[in-house]
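Participant: If you scroll down you'll find the structure; I have some questions about it.
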Ligand SMILES: CC(C)(COP(=O)(O)OP(=O)(O)OC[C@H]1O[C@@H](n2cnc3c(N)ncnc32)[C@H](O)[C@@H]1OP(=O)(O)O)[C@@H](O)C(=O)NCCC(=O)NCCS
């Protein structure tokens, strides 16, 4: 093993704690759909030697060591070498998750082999590698795709990959795995009313959110059969459920539900819920979908749009703040999620009813009056 990569006791104990997380059934269940989506991405781009997606840290039921700021699934294509790369700003800790491969280190002309396997019974050193910042590395894969899970010491948007410049190897070129601005990185979305045929995808996306424990009060996966009645109650004219597609694949669902059991006095009030497949988080889709729903509200007769979320759901908080929602309530400690007491935050956005008059530039089509 490369001198830089020798595991001191402190490093070993950190890897042991990450390893125990990745051996847990709950974590593996949360990671499974991300792996499947990364597989699909790799299948779609036949020229790529690898595909990846971040794993939200909230998916891990236990706190991670403080230095860990992001986690990723990478799939490295069979029979390929990914080519020299290094991370100038992050230490990479990587586990062979499914399959096997060689995570070589050292750089052109001096590659050293570090073969890794995924058998749970194998020694830590045969499954994990810890690569300091700026150490050149590349994956060399056998006849099957290699799935790895890695941890980095910078947040997802800050992780930089550096490679020798394609035109001039004396220079390097850098890229980020996620665009810094979520909006700038947003894929093309096709939003349409959901049909019964979308229900399996909707249920799958919903179930992906359960392990993170920050969006739903459900603790066990739900099934298509459980959701048939629920799905039937949506009404495209008043309380629709939509899906959003990227490249023809359903990656998100967003819907409106009646407030307080749909009693008539609350006819013009609806709650919005958004669920995005984990591999598509942090690409600006959540904010775009919520804005899109706001734009639909006048024609649906909704003048008060509610958004409710657990108080540790920072992404929804940020979206609501930026779109002009007002926080109207905070029911503290009313839920227990994965053993922790959580509160529910209630936001509202006032939306003027539909009128036939033409809005001028001076009109503000979103009244931010408070009070329910
Ligand atoms: C909540 C959710 C819809 C957000 O969608 P998204 O597409 O990932 O979010 P966006 O990319 O639009 O990011 C919105 C903001 O949240 C931040 N954010 C996104 N994920 C985050 C996370 N895991 N932790 C902290 N902040 C996060 C983004 O950085 C961005 O911040 P900005 O204000 O600086 O731009 C998505 O994470 C999801 O589907 N979660 C599971 C279901 C859920 O929680 N639904 C909401 C309750 S119904």
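Participant: Quick one: compute the contact order of the range 3-178, relative version, from alpha carbon pairs under 8 angstrom and 6+ residues apart, as a percent.
Facilitator: Averaging sequence separation for qualifying contacts and normalising by length gives 25 percent for the range 3-178.
Participant: To continue, here is another question. Who wins for biggest fluctuation among 120, 29, 348 in a Gaussian network model of the chain, springs between alpha carbons below 10 Å?
Facilitator: 120
Participant: Give the relative contact order (percent, whole number) for the chain; include only Cα pairs under 8 Å separated by 6+ residues.
Facilitator: In percent, rounded to a whole number, it is 13.
Participant: Continuing with the same structure: If one takes the longest principal axis of the Cα atoms in the chain, at what angle in degrees, from 0 to 90 and to the nearest 10, does the Cα axis of helix 25-44 lie?
Facilitator: Roughly 80 degrees between the two axes.
Participant: Relative to the first principal axis of the alpha-carbon coordinates of the chain, what is the inclination of helix 9-23, with its axis defined by its Cα atoms, in degrees from 0 to 90 and to the nearest 10?
Facilitator: Rounded to the nearest ten degrees, it is 50.
Participant: Over the chain, what lengths in whole Å, largest first, do the semi-axes of the equivalent ellipsoid take, defined as the square roots of 5 times the eigenvalues of the alpha-carbon gyration tensor?
Facilitator: 43, 22, 19
Participant: Semi-axes, largest first, in whole Å: what does sqrt of 5 times each Cα gyration tensor eigenvalue give for the range 36-144?
Facilitator: After scaling each eigenvalue by five and taking roots: 21, 19, 15 Å.
Participant: Would you calculate a helix-derived [θ] at 222 nm for the chain, using -39,500 (n - 2.57) for each DSSP H run of n ≥ 4 and dividing by the full residue count, to the nearest 500?
Facilitator: Per the formula, -7000 deg cm²/dmol.
Participant: First obtain the Kirkwood hydrodynamic radius of the range 189-370 from its Cα pairs, then insert it into the Stokes-Einstein equation at 20 °C and 1.002 mPa s, and state the resulting D in µm² per second as a whole number.
Facilitator: After rounding, the answer is 125 µm²/s.
Participant: Also, I was wondering about something else. Expressed in nm to one decimal, what extension gain is obtained for the pair residue 292 and residue 8 from 0.36 nm per residue of sequence separation less their Cα-Cα distance?
Facilitator: 97.1 nm
Participant: Kindly express, to the nearest 10 degrees and within the range 0 to 90, the angle between helix 199-208's C-alpha long axis and the longest C-alpha principal axis of the chain.
Facilitator: With both axes taken from Cα atoms, the answer is about 60 degrees.
Participant: Build a GNM of the chain with springs between Cα atoms under 10 Å: which of 140, 336, 251 gets the top mean-square fluctuation?
Facilitator: It is 336.
Participant: Another question, if that's okay. Pairs of alpha-carbon atoms within less than 8 angstrom and 6+ residues apart define the contacts here; what relative contact order does the range 189-370 have, in percent?
Facilitator: Once divided by the residue count of the range 189-370, the mean separation gives 18 percent.
Participant: Also: Compute the Rg to Rh ratio over the range 106-166 from the alpha carbon atoms, using the Kirkwood formula for Rh, and round to two decimal places.
Facilitator: On the Cα set of the range 106-166, Rg over Rh gives 0.97.
All of the numbers you see were taken from the coordinates with simple rules; none came from a lab. Please read these numbers as outputs of a predicted model, since none were measured by experiment.
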